[in-house]
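The values are calculated or read from the model by the stated rules, or taken from the named source; none is laboratory data. Since the model is a prediction, treat every value here as computed from it, not as a measurement. Positions of Cβ are generated from backbone atoms using ideal geometry, with glycine treated the same way; all protein chains shown enter the neighbour counts.
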Ligand code: NDP
């Protein structure tokens, strides 16, 4: 292995920060993939691109003080990791979840840089959020928190500087409150956030974009790899949030049979096909738990997280043709990958960010399972966010069909770019390496052209 790679990997081994482990996991995957590129082009070493890309350009950390419904003062930590803006303004979601820390946001920001590069659109990479837990909070508390969060964040963002969007725990409601506060503080009606409700500047199809994009990417990949299409096939999906729900919706629209979904408490297995209307009611309208599903569909199975043996997840033990992990990072382990293989699964598409552990991904690739990595497969969300920025800047509104068509074309182009890059670098069929090399190359070439 090249010295430069050994040096970088060595740095991780000697870090004592447990929060950074997930960041190192993401970085390691990219560094290993791009080894042939570094060998073939000395400019990357000369311009210290790897060193420069393993450190975010800026990490903003701030206190968020807000008052709950009982008049108690609450304190959380807010973050924005502005990772790289070589290709355009910083762009990436905000996550509100108790597990949020600097390491997780560095990992997500790092991934976002390459994902955004793969779209071919003029956007840099960033990520942010807070350890605030929206679960169980009243609507008013969510509003108070969002206002307090934006009262600090507004100093660092702008339509040409940094344009945040949603992620886990941040949907149209939170984006609406954040936007309202930004407008109040700055007196400026800017397209400074994406994922806004349609009524004041949001793009049609932004809620659906990530999930629909995952399916468009998978269809393109299966066609390129000469596999049977998804129509009529059994599919398993994890998660029951934005990405999972719209992945299920598009799969059902094209005639696939989706038999599962899950949340942080358990998994639903419904062999007759998931009742998506009910899932939307439980998760979107009531913000409830999936266990309510079996109150309506008594033939379906609910498997609580606690009842499943260590090292594996119930969703990935269900036989399927194609699997779609859409919940969170590292949710699909080597045990899960083995279960999928044993049960005849031929394709895994990552809707969530890095949901497969490195060992799981390696096993799936070694068994020639079609594997669509997150930074390529879930890039539909950020693509439509960029379409929202374009609509805001030109004061236009595109139709649903227009956005859908552009999303489909974008996902097909990303798939083709990734597959061709993998072939050009001698790793045909390896979409992880293809995505990492193609994404890195675009960012690195821009960095070189812009000087140090
Ligand atoms: P949501 O908050 O809408 O949904 C997340 C879902 O995952 C919920 O059902 C949640 O369960 C479940 N979940 C969260 N943590 C766990 C866990 N540890 N174990 C099992 N289930 C869990 O988030 P999104 O759908 O927006 O995001 C999902 C993933 O997709 C994330 O990795 C995100 O970074 C990624 N992503 C999102 C994009 C977007 O446009 N929203 C774009 C690209 C990537 P519960 O309901 O119990 O909380």
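Please go through the stretch 328-346 and give me each residue that is surrounded by fewer than 24 Cβ atoms within 10 Å (Cβ to Cβ), at negative phi and more than 13 Å from the chain's Cα centre (by Cα), ordered by number. Even if it seems obvious, please write down each step before you answer.
So in the stretch 328-346, the residues surrounded by fewer than 24 Cβ atoms within 10 Å (Cβ to Cβ) come out as 328-331, 333-335, 338-339, 341-344, 346.
After this cut, where a residue has to be at negative phi as well, the list is 328-329, 331, 333-335, 338-339, 341-343, 346.
Within the stretch 328-346, 331, 333, 334, 335, 338, 339, 341, 342, 343, 346 qualify.
List the number of the failed condition for residue 120; all other conditions in (1) without any contact (Cβ under 8 Å) to a residue 40 or more places away in the chain; (2) under 18 Å from the mean Cα position of the chain (by Cα); (3) more than 16 Å from the ligand (Cβ to nearest atom) hold.
Answer for residue 120: the failing condition is (1).
Would you confirm whether any residue within the stretch 375-389 is touching a residue at least 40 places away in the same chain (Cβ under 8 Å), more than 16 Å from the ligand (Cβ to nearest atom) and assigned to a helix (DSSP H, G or I)? Give the derivation first.
Taking the stretch 375-389 as the starting set, the residues that turn out to be touching a residue at least 40 places away in the same chain (Cβ under 8 Å) are 375-389.
From the residues that got through so far, the ones that are more than 16 Å from the ligand (Cβ to nearest atom) too are none.
No, that holds for no residue.
Please pick out the residue among 266, 288, 255, 312 that is farther than 18 Å from residue 352 by Cβ and in contact with a helix residue (DSSP H, G or I) (Cβ under 6 Å, 6 or more places away or on another chain).
Numbers: 266 fails: farther than 18 Å from residue 352 by Cβ; 255 fails: in contact with a helix residue (DSSP H, G or I) (Cβ under 6 Å, 6 or more places away or on another chain); 312 fails: farther than 18 Å from residue 352 by Cβ.
Only one candidate passes the filter, namely 288.
Listed residues 410, 357; which is at pLDDT 95 or above, more than 12 Å from the ligand (Cβ to nearest atom) and assigned by TED's automatic domain parsing to the domain that holds residue 258? Give the derivation first.
Numbers: 410 fails: assigned by TED's automatic domain parsing to the domain that holds residue 258.
Just a single option satisfies the conditions, and that option is 357.
Among the residues of the stretch 39-54 satisfying the criterion of being closer than 23 Å to residue 374 by Cβ and buried (at least 19 other Cβ atoms within 10 Å of the Cβ), which is nearest to the chain's Cα centre (by Cα)?
It comes out as 53.
Looking at the stretch 65-114, which of its residues are within 16 Å of the ligand (Cβ to nearest atom) and either in a loop (DSSP other than H, G, I, E, B) or over 20 Å from the mean Cα position of the chain (by Cα) (or both)?
97, 98, 99, 100, 101
State the number of residues belonging to the stretch 168-220 that are touching a strand residue (DSSP E or B) at 6+ places or on another chain (Cβ under 8 Å) and more than 19 Å from residue 248 (Cβ to Cβ).
11
Among the residues of the stretch 289-313, which ones are in a loop (DSSP other than H, G, I, E, B), at pLDDT 95 or above and closer than 23 Å to residue 243 by Cβ? It would help to see each step written out before you state the result.
Going through the stretch 289-313, the residues in a loop (DSSP other than H, G, I, E, B) turn out to be 289, 297-300, 308-313.
The next check asks that each one be at pLDDT 95 or above; those that pass are 289, 297-300.
Passing the criteria: 289, 297, 300.
Please list, ordered by first then second residue, the pairs with beta carbon atoms under 6 Å, 6 or more apart or interchain, first in the stretch 156-179 and outside the structural domain of residue 329 (by TED's automatic domain parsing), second away from the ligand (no atom under 11 Å from the Cβ) and at pLDDT below 95.
Partner pairs satisfying both residue conditions: 159/190; 159/191.
Sort out which residues of the stretch 175-193 are surrounded by 22 or more Cβ atoms within 10 Å (Cβ to Cβ), in a helix (DSSP H, G or I) and within 16 Å of the ligand (Cβ to nearest atom), and write them in order of number.
Within the stretch 175-193, 175, 178 meet the criteria.
Out of the residues in the stretch 194-251 that are surrounded by fewer than 19 Cβ atoms within 10 Å (Cβ to Cβ) and on the phi > 0 side of the Ramachandran plot, state the one that is farthest from the ligand (Cβ to nearest atom).
Filtering first and then ranking leaves 226.
Taking the stretch 264-279 as the search range and keeping residues that are within 24 Å of the chain's Cα centre (by Cα) and surrounded by fewer than 16 Cβ atoms within 10 Å (Cβ to Cβ), which one is farthest from the ligand (Cβ to nearest atom)?
277
Does the stretch 323-335 hold any residues that are within 17 Å of residue 270 (Cβ to Cβ) and either away from the ligand (no atom under 16 Å from the Cβ) or in a loop (DSSP other than H, G, I, E, B) (or both), and which are they?
First pass over the stretch 323-335, keeping only residues within 17 Å of residue 270 (Cβ to Cβ): 323-324, 326.
The answer is 326, and nothing else.
Do we find that residue 256 is within 14 Å of the ligand (Cβ to nearest atom), assigned by TED's automatic domain parsing to the domain that holds residue 352 and modelled with pLDDT of 95 or more in this structure?
Working: within 14 Å of the ligand (Cβ to nearest atom): no; assigned by TED's automatic domain parsing to the domain that holds residue 352: yes; modelled with pLDDT of 95 or more: yes.
Taking the combined requirement at face value, the residue does not satisfy it.
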